[in-house]
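Everything on this sheet refers to the single structure shown next.
Readers should treat all values here as calculations from the given coordinates under stated rules, not as data from a laboratory. Given the structure is predicted, the values throughout are model-derived calculations rather than measurements. Reconstructed Cβ throughout: ideal geometry from the backbone, glycine too, with neighbour counts over all protein chains shown.
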Amino acid sequence: MRRQRVTQAARKLFIENGFHATGMAQVAKTSGVAIGQIYRDFASKEEIVAELVEADCGRLMMYEVLEAAIRENDTDAVRAWLREFVEPSDNPDDARLFAEILAESARSARIAAIFRQIQDELRLHMDEALRLIAPGDALTAQRATLADVIGTLSIGMTHQQLMRPDVDLAAVVRGVQATLDRELNALVAASVAAKTPA
């Protein structure tokens, strides 16, 4: 409960002030947890970020939904998960926090390592999703490229959400999802072609 109070306070402060401009004393004051206790739970501000990123990824990436779809061999549900992935979050604060952590990763090797770890985990999940839709070892490189494209589209949508908060992005989302559908269909066609004897 105490750790949760600290991470919630840190999240609010990182969104409002930025990671770099938020000190542990501010986190202590906002959370109501003594600074000494915070340091017993978290060795550094970066450790708070690591916990925030892990919690947000679990919530935003909906890995449990993907894992259930894969267990059920449900390609429609996997496609829906992929399409959802390129939609901006309903909560603009998620986009602001993501941008703040991404910016800090350029300054901090520790934050960059956390970010890479999250990206690696996402790539594994993305590969599982794409492998269900378009199986075959011959498509490994194409699946990896599409996973990178999907990640890039997702980051682009986050950027649009941040930079154009007063614009309805529904048409952009539809365009991005149409692009994703087209690339998924091309990957499926390549998978079928690879299985078809010459």
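Dipole size in debye (nearest 20) for segment 1-43 around its Cα centre, Lys and Arg Cβ +1, Asp and Glu Cβ -1?
Using Cβ point charges on Lys, Arg, Asp and Glu, segment 1-43 gives about 160 debye.
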Sites LYS195 and ALA103, calculated FRET efficiency, Cβ-Cβ separation with R0 45 Å, nearest 0.05:
0.50
Testing the spin-label approximation: label points 7 Å from Cα along Cα→Cβ at LYS29 and ALA138. State their distance in nm.
6.5 nm
Can you tell me which of ILE150, ILE35, ILE111 moves the most in a GNM of the chain? Springs connect C-alpha atoms under 10 Å apart.
ILE35
Which one of PHE85, ALA69, ALA21 has its Cα pushed farthest toward the positive end of the charge dipole of segment 1-120, where Lys and Arg give +1 and Asp and Glu give -1 at the Cβ?
ALA21
Rounded to 10°, Cα long-axis angle of helix 170-195 versus longest principal axis of the chain
50 degrees
I need the phi-derived Karplus couplings for segment 13-19: 6.51 cos²θ - 1.76 cosθ + 1.60, θ = phi - 60°, integer Hz, Gly and Pro marked x.
5, 4, 5, 6, 10, x, 5
Pick out which of ALA113, ALA141, ALA99 has the largest mean-square fluctuation in a Gaussian network model of the chain, springs linking Cα atoms closer than 10 Å.
ALA141
Give the dimensionless ratio obtained when the Cα radius of gyration of segment 1-43 is divided by 2.2 N^0.38 Å.
1.01
What is the magnitude of the charge dipole of the chain about its Cα centre, with +1 placed on the Cβ of each Lys and Arg, -1 on the Cβ of each Asp and Glu, and no other charges, expressed in debye to the nearest 20?
500 debye
Going toward the positive end of the dipole of the chain, with +1 on Lys and Arg Cβ and -1 on Asp and Glu Cβ, which of VAL49, LEU146, MET126 do you reach last?
VAL49
Report, to one decimal in Å, the Kirkwood hydrodynamic radius for the chain based on all distinct Cα pairs.
18.5 Å
